[in-house]
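Trainee: I have a structure here, written as C-alpha cells, and I will follow up with some questions on it.
Each value in this text was obtained by applying a stated rule to the coordinates, not by laboratory testing. As the structure is a prediction and not an experimental result, all values here were calculated from the model. Positions of Cβ are generated from backbone atoms using ideal geometry, with glycine treated the same way; all protein chains shown enter the neighbour counts.
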Amino acid sequence: MGDRTAFATGLLELTRPGNAVAAGALTFIGAFVGGGLRATSVALAVAATVFAVAAGNAANDYFDRDIDRVNRPDRPIPSGRVSPRGAAVFSAVLFLGAVVAAVTLPVLALGIAVVNLVALVAYTELFKGLPGVGNAVVAYLTGSTFLFGAAAVESLGPDVWVLFGLAAVATFARELVKDVEDVSGDREEGLRTLPIVAGERATLTLAVVVMALGAGASVLPYARGTFGLAYLALVIPADGVMVGATALGFRDPGTAQRWLKRGTYLAAAAFVLGRIAVLG
C-alpha cells in the first residue's frame with residue numbers, strides 16, 4: 001500500500017499540479033481579457049492547457065533525471081518513487097489528453113496547441129542546453145497560454161498580445177535566474193546554459209534589462225485607452241515586483257524566482273481588473 005501511495009504521489013508531483021492549474025487559469029484569463037467567453041471552448045482550452053503543461057513537466061523530469069540526481073534528488077524519478085519508463089508512459093497519456101481536448105477548437109487555437117506540444121516534447125532534448133534558446137522557448141510557452149485562451153474564443157486582440165509579451169519577458173527573466181541557481185548541476189551534466197557560457201553576472205544583468213523593458217511596455221493598454229486607471233494602479237506595482245525580484249537574483253536566485261512568478265500573476269490580475277472595469 002505504501003509503495004502504491006508513493007507511486008501515485010510521485011506521478012502527481014511529476015505534473016507540478018500547481019503550475020499546471022495556474023497555466024489553465026492563465027488560459028482562462030486570456031479568453032476573458034480578449035473579450036470573448038464561450039463556455040465550451042474555454043473549458044476545452046483550459047483542459048488542454050492543464051494536460052499539456054502536466055505532460056511537459058513529466059517529460060522534462062524524464063529527460064532531466066540525471067541532472068536531478070544532483071540538483072533535485074528528492075524528485076520522483078531520482079528518489080525511486082517513479083521509474084523512468086513509468087514517467088514516460090504517464091507523460092504520453094497526458095499529451096493524448098491535451099490533443100483530445102484541443103482538437104475541436106478553432107484553427108488558430110489548434111495551431112498554437114500543435115506548436116506548443118511540439119515545443120514541449122522537443123524542449124529538453126533540443127533546446128534546454130542552448131544558451132538563451134531554452135529560456136526563450138519556456139518564455140514563449142508561458143506567454144502563449146494567454147494567446148491560446150483568446151484564440152479559443154476567436155478574440156485575439158492587441159491587449160492579449162501585450163499580456164503575452166509581459167508574461168513571456170517575466171518568464172524569460174525567471175528562467176535566467178533559475179539557470180544561475182542551477183549552474184553546478186548543469187555544468188556537471190555538460191549543458192551550455194547562458195550563465196555557464198557568458199557568466200552569472202552578465203546573465204542576471206540581461207534578465208534585469210529585459211524585465212525593465214517588458215515592464216515599460218505594460219502601460220500600452222492604458223496609453224491606447226483600452227484600460228483605465230484601475231489597470232494602471234495594479235500593473236505598476238506588479239512591474240515593481242517583477243523588476244525588483246529580478247534584481248534580487250544577484251543575491252538570492254531562489255527567492256527571486258518565487259517573487260517573479262508572483263509578479264507575473266499580479267500582472268495578469270491587472271489585465272483582468274482592467275477588463276472588468278471596462279465591462280462595468
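Trainee: Kirkwood Rh over Cα pairs of region 91-183 into Stokes-Einstein at 37 °C, 0.692 mPa s: D in µm²/s?
Mentor: Rounded to a whole number, D works out at 233 µm²/s.
Trainee: Another one. With +1 on each Lys and Arg Cβ and -1 on each Asp and Glu Cβ, how big is the dipole of the chain about its Cα centre, in debye rounded to the nearest 20?
Mentor: That gives the chain a dipole magnitude of about 360 debye.
Trainee: With springs only between Cα atoms under 10 Å apart, run a GNM on the chain and tell me which of 44, 206, 156 wobbles the most.
Mentor: Ranking 44, 206, 156 by mean-square fluctuation puts 206 first.
Trainee: With point charges of +1 on the Cβ of Lys and Arg and -1 on the Cβ of Asp and Glu, referenced to the Cα centre of the chain, which listed residue (264, 157, 213) lies farthest in the positive direction of the dipole?
Mentor: About the Cα centre, the residue reaching furthest to the positive side is 157.
Trainee: Between 150, 88, 52, which gets the highest mean-square fluctuation from a Gaussian network model of the chain, Cα cutoff 10 Å?
Mentor: Fluctuation is largest for 88.
Trainee: Could you tell me the relative contact order of region 157-280? Use alpha-carbon pairs under 8 Å, at least six residues apart, and round to a whole percent.
Mentor: For region 157-280, the relative contact order is 32 percent.
Trainee: Magnitude of the Cβ-charge dipole of region 157-280, K/R +1 and D/E -1, about the Cα centre, nearest 20 debye?
Mentor: Approximately 380 debye in magnitude.
Trainee: Could you tell me which of 5, 148, 44 has its Cα farthest along the dipole of region 1-156 towards the positive end, charges placed at Cβ (Lys, Arg +1; Asp, Glu -1), taken about the Cα centre?
Mentor: So the residue furthest toward the plus end is 5.
Trainee: Any idea what the relative contact order of region 39-166 is, in percent, if you count C-alpha pairs under 8 Å spaced at least 6 apart?
Mentor: Here the relative contact order equals 30 percent.
Trainee: To continue, here is another question. Kyte-Doolittle mean at least -0.5 and Cα extent at least 20 Å along the axis: which DSSP H helices of the chain qualify?
Mentor: Helices meeting the span and hydropathy rule in the chain are 17-34, 39-63, 84-102, 107-122, 133-152, 158-181, 200-217, 229-248, 253-279.
Trainee: So for 265, 62, 231, fewest C-beta neighbours within 10 Å to most, what's the order?
Mentor: Placing the least packed residue first, the sequence is 265, 62, 231.
Trainee: Take the chain, connect every pair of alpha-carbon atoms lying under 10 Å apart with a spring to form a Gaussian network, then pick out the residue of 86, 190, 254 with the largest mean-square fluctuation.
Mentor: Of 86, 190, 254, the most mobile in the Gaussian network model is 190.
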